[in-house]
Amino acid sequence: MAELIWSDDAISDLEGIYDYIARNSPLYARHQVERISTSVERILQYPDSGRHLPEFQNLPHREVIVDNYRVIYRHDPESDEIMVVAIVHGRRLLTKYFINRGE
């Protein structure tokens with residue numbers, strides 16, 4: 001099974017999502033973070049199941065959609081590592097900034 005690595009930026013994104021939603025509902029915030037985490041865990045079994053990024057077909061990154069959020073990741077088959085690089089709200093414009101931060 002692949003090894004899952006969360007980038008510091010992806011962890012920060014997840015914390016920001018929690019903080020934003022928790023202003024109105026800590027319970028819903030916790031559920032949202034759990035749904036995202038559960039979806040990411042499924043990627044471990046099927047790392048190539050996410051779709052290629054429509055905006056950047058030439059990049060090796062993929063995404064899974066969880067409710068209103070896009071979980072951006074890349075799978076390195078040689079090392080069998082999956083790196084979650086960003087979690088972006090679906091209404092935000094996805095730019096290479098989100099994909100390349102921290103590299």
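At a glance:
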| quantity | calculated |
| --- | --- |
| Taking the range 3-100 and dividing mean pair separation by its residue count, relative contact order in percent (alpha carbons under 8 Å, at least six apart) | 28 |
| Between helix 26-45 and the chain: long-axis angle, C-alpha atoms, 0 to 90°, nearest 10 | 10 |
| Overall form of the range 35-94 per C-alpha gyration tensor (a/c, 1.5; a/b vs b/c) | oblate |
| Among beta bridges that DSSP assigns inside the chain, antiparallel share in %, nearest 5 | 80 |
| Net dipole in debye of the chain [+1 Lys, Arg Cβ; -1 Asp, Glu Cβ; about Cα centre; nearest 20] | 580 |
| Leading residue at positive end of dipole, the range 3-100 (Cβ point charges), from Asn68, Met83, Gln57 | Asn68 |
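FYI, it's all coordinate maths here, none of it is from the lab. Remember, it's a predicted structure, so these values are computed and weren't measured experimentally. Cβ: placed from backbone, ideal geometry, glycine included. Neighbour counts: every protein chain shown.
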